[in-house]
Amino acid sequence: MGRRSFEVNIRGIQELKKVLGDFKKYDESTQEKLRTAVRTSTKNIMDGARRRVRIVTGNLIKDIYMTYDEQRNIGVVHANAPHAHLVELGHKGGLEIPVKKKALHGGKIVGYASKVVIPTVAPHPFLRPAFEDEKPNLIKNVKGAVEP
């Protein structure tokens, strides 16, 4: 099964959209200030997400990392654990009954079952709150970088 991903981005923040979209029009000094602002905020979002995530096995916290593209001045925080979206967004429970077979194999659970009850899990957001906490700092730092 492939990994699932989800993102929180700044496309909807009008104050930043124009400034960061026109990144190359600024002089080198301003570009470096903008890089510092975005890189710092991206790291703060990653750190905030790691602090907020519920630790059960530790696998999710290990799979939260950041990448930064200096040329385009884009920072991304990834939560690549296969279950990251389920923790962030929660999920409805259900009943899984085999369609073409007589029984389901339990994976890590030993044995087979004629049906599996999947419990409802409440959301425990970690990425969105980390982003929302850092957003005012990012806006302030980006505006400070371009204003004289």
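The values are calculated or read from the model by the stated rules, or taken from the named source; none is laboratory data. Keep in mind that what you see is a predicted model, and the values were worked out from it rather than measured. Reconstructed Cβ throughout: ideal geometry from the backbone, glycine too, with neighbour counts over all protein chains shown. The accessibility values were calculated without ligands, DNA or RNA, using every heavy atom of the protein model including side chains. Shrake-Rupley method; radii C 1.70, N 1.55, O 1.52, S 1.80 Å.
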In region 70-83, how many are of a type outside the set (Lys, Arg) and either surrounded by fewer than 18 Cβ atoms within 10 Å (Cβ to Cβ) or part of a loop (DSSP other than H, G, I, E, B) (or both)?
9
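Being modelled with pLDDT of 90 or more, open to solvent by 30 Å² or more (accessible area, probe 1.4 Å), part of a helix (DSSP H, G or I) and within 18 Å of residue 130 (Cβ to Cβ) narrows it down to one residue among 67, 40, 36; which is it?
After applying the criteria, what remains is 40.
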Can you find a residue that is within 26 Å of the chain's Cα centre (by Cα), on the phi > 0 side of the Ramachandran plot and surrounded by 14 or more Cβ atoms within 10 Å (Cβ to Cβ) anywhere in region 51-64?
no
Let me spell it out: the conditions are (1) surrounded by 13 or more Cβ atoms within 10 Å (Cβ to Cβ); (2) more than 30 Å from residue 35 (Cβ to Cβ), and residue 101 meets all of them except one. Which number is the exception?
(1)
Between a residue in region 14-30 that is without any contact (Cβ under 8 Å) to a residue 40 or more places away in the chain and any residue that is among the basic types (Lys, Arg), which pairs come within a Cβ distance under 8 Å, given they are 6 or more apart or on different chains?
17/11
Quick check on region 43-61: of everything there that is outside any helix (DSSP H, G or I) and among the hydrophobic types (A, V, I, L, M, F, W, C), which residue is farthest from residue 140 (Cα to Cα)?
56
Can you name every residue in region 14-25 that is more than 14 Å from residue 69 (Cβ to Cβ), modelled with pLDDT of 75 or more and surrounded by 12 or more Cβ atoms within 10 Å (Cβ to Cβ)?
16, 17, 19
Kindly indicate whether any position in region 87-98 is more than 26 Å from residue 49 (Cβ to Cβ) and assigned to a loop (DSSP other than H, G, I, E, B).
yes
Does residue 117 qualify as being at negative phi and part of a strand (DSSP E or B)?
yes
Counting only residues that are out of contact with any helix residue (DSSP H, G or I) (no Cβ under 6 Å at 6 or more places or on another chain) and of a type outside the set (D, E, K, R), which one in region 114-128 is farthest from residue 43 (Cα to Cα)?
114
Name the residues in region 120-143 that are surrounded by fewer than 17 Cβ atoms within 10 Å (Cβ to Cβ), aliphatic (A, V, I, L, M) and not in a loop (DSSP other than H, G, I, E, B), would you?
121
Is it fair to say residue 86 is surrounded by 11 or more Cβ atoms within 10 Å (Cβ to Cβ) and at pLDDT below 85?
no
